[in-house]
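Each remark here refers to the structure printed beneath this line.
Just so you know, all these numbers are worked out from the coordinates, no wet-lab data involved. All of these numbers come straight from a predicted model, not from anything done at the bench. Glycine also receives a Cβ, built like all others from the backbone with ideal geometry; neighbour counts cover every protein chain displayed.
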Amino acid sequence: MKNSWVQWICRLVAAILLLQTLYFKFTAAPESVELFTKLGMEPWGRILTGLLELAAGILLLWPAYTRFGALLGAGLMAGAIFFHLTILGIVVNGDALLFSYACLVFIACLVLIWGERNKLLRRKI
């Protein structure tokens, strides 16, 4: 997929959603602390997840590395979706926004991975 508008929309949506949650993770917002406490991963899981989401967001916006950001973003969101379905529930603190964001980022990253599949398969890392 050559820098099409679909690719750019997926990049922007995924990167914006990943990056906008960093404030809550890095400032130890009560909602974020509560969520990671339920997972038994506070504070290390919150900080590590924030760092990985920061890396994914940057890589998604850097065209030469979009495929790596998409792989990282899809992996992170697969984990988020798993924890929502098994431990946290879809509705957290009265809404399903976090789960919806995770699903949206996951789908956007899958679209990017599919569009970059030729680069991923032939590229020797």
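Any idea what the dipole of region 5-120 comes to, in debye rounded to 20, about its Cα centre with Lys/Arg Cβ at +1 and Asp/Glu Cβ at -1? Before the final figure, lay out the partial values.
Details: 7 positive and 6 negative charges, 80 e Å.
So the magnitude is around 380 debye.
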Where does helix 66-83 land angle-wise versus the long Cα axis of the chain, in degrees 0 to 90, nearest 10?
-> 30
Projected onto the charge dipole of the chain (+1 at Lys/Arg Cβ, -1 at Asp/Glu Cβ, origin at the Cα centre), which of LEU51, THR37, TYR65 gives the Cα projection farthest towards the positive end?
-> TYR65
Rg to Rh ratio, region 5-120, alpha-carbon atoms and Kirkwood radius?
-> 0.98
Ranking PHE83, ASN118, ASN93 by how far each Cα lies towards the positive end of the charge dipole of the chain (+1 on Lys and Arg Cβ, -1 on Asp and Glu Cβ), the top one is ASN118
A chain fully extended from PHE82 to LEU52 at 0.36 nm per residue, minus the present Cα-Cα distance, gains in nm 9.1 nm
Least to most buried among VAL105, VAL13, VAL6 (fewest other Cβ within 10 Å first) = VAL6, VAL13, VAL105
Whole-Å distance linking the alpha carbon centroid of region 55-115 with that of region 1-42 is 8
Principal-axis tilt of helix 44-61 within the chain, Cα atoms, nearest 10 degrees = 30
Rounded to the nearest 500, what is the 222 nm mean residue ellipticity of the chain from helices alone, with -39500 (n - 2.57) per DSSP H run of 4+ residues and division by all residues?
-> -23000 deg cm²/dmol
Contact order normalised by residue count of the chain, Cα under 8 Å, 6+ apart, percent | 30
Compute the length gained on full extension between LEU19 and LEU39: take 0.36 nm times their separation in residues and subtract their Cα-Cα distance, giving the result in nm to one decimal.
-> 5.1 nm
May I ask you to list the trypsin sites (Lys or Arg not before Pro) in region 62-125 that are in a DSSP loop and have at most 12 other Cβ atoms within 10 Å of their Cβ?
-> ARG123, LYS124
With 0.36 nm assigned to each residue of separation and the Cα-Cα distance removed, TRP114 to THR27 gains 27.9 nm
